[in-house]
Amino acid sequence: MIDRANSGELSQFLLVGVNEFKRVAGHPVAILLMCIFIVLAFVQSAAGCRMLQIMEFHDPDGPDRFVTGFAQMWYETSLICSVMAAFIGIVSILEDRSKSLFNVLLVKPLYRRDVIIGKFIGISVFITIFIAISIAIYSLLLMLFFRMPLSMTEFLSRISVYILGLSMECSLTIVLAMLFGIVFENFLESLGLLIAYFYLDWYCDLGSLLGTISLINPHTLYSNVVSFYLFDTTFPFLQVVNNSLPYAILMLAEISVLLLLDCLIFTRYGD
């Protein structure tokens, strides 16, 4: 009976998740941001390869400059994926609420928590795939304009941490955006507050303003998981992982707490 109940709940999560994934995959914002990323990646790889060649010429015994090349697109990739996660996270709640789709969903054998967790799973999986495809595109362009990595194993190991760290930061952004959408029913109001938070977080160095509390800040956590040392192959990979692991665990804990908070608040809300 317990196994059957657990499998039933899992199927409900997956049902909502698959539906949300399909909706997000065809969203105009996702398509637009992918096009913007491709243009930026092409320009950066074509123009930045000369700088990488100069760096390699002057320091032939230094780090693998192919991996260093990823640091050149770190900010743009992170910002594009985070903006998409925030926008889709908030729209996934407010769009369904404005169309009264929650009333239809909740007539079916679905709990409110199933809807929230299912949406989170669907959007998170899409964002992770989006990130992986984006980094794969940039890798191919960098190989085309510069050269292959010196060690494919080293490259794949570090890029895997990059993808994982950015995916976790986007998942944290998703649950935060969903919280805004649940609490503030007005689309412009909730989107305005989210944009204000984003501006403070990315452009006003919110971490330094918060002091020690900045450890719970998504951008601060992400910067510690995906640090500069990740793209420096002279810095041992295992040491990079050891340094990043505590922040990754804290980020996972924060995702879990905020997702639980989303479920609790949405359960108490009447639509």
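The values are calculated or read from the model by the stated rules, or taken from the named source; none is laboratory data. Keep in mind that what you see is a predicted model, and the values were worked out from it rather than measured. Quick reminder, even Gly has a Cβ in these numbers, built from the backbone with ideal geometry, and neighbours come from all protein chains shown. The area values use the complete protein model at the heavy-atom level, side chains included, leaving out ligands, DNA and RNA. Shrake-Rupley method; radii C 1.70, N 1.55, O 1.52, S 1.80 Å.
Taking other residues whose beta carbon is less than 15 angstrom from the beta carbon of residue 146, and scoring Lys, Arg as +1 and Asp, Glu as -1, yields +1. Per-residue SASA remark: residue 15, around 110 Å² accessible (1.4 Å probe; ligands, DNA and RNA not included). On a 0 to 90° scale, report how tilted helix 187-203 is relative to the longest principal axis of the chain, with both axes built from alpha carbons and the result rounded to the nearest 10. Approximately 30 degrees, to the nearest ten. In the full protein assembly as shown, how much of residue 51 is accessible to a 1.4 Å probe, in Å² to the nearest 10? Accessible area of residue 51: about 100 Å². Between the helical axis of 2-25 and the longest alpha-carbon principal axis of the chain there is an angle of about 60 degrees. Obtain the radius of gyration and the Kirkwood radius of the chain from its C-alpha atoms and give Rg over Rh. Expressed as Rg/Rh, it is 1.01.
Residue 229 sits with roughly 110 Å² accessible to a 1.4 Å probe, with DNA, RNA and ligands left out of the calculation.
Computed from Cα positions, the angle between helix 74-98 and the longest principal axis of the chain comes to roughly 10 degrees.
Sorting 82-89, 237-244 by their mean Cβ neighbour count within 10 Å, with the most densely packed peptide first, gives 82-89, 237-244. Averaging 1/r across all pairs of distinct Cα atoms in the stretch 122-238 and inverting the result yields a Kirkwood radius of 16.4 Å.
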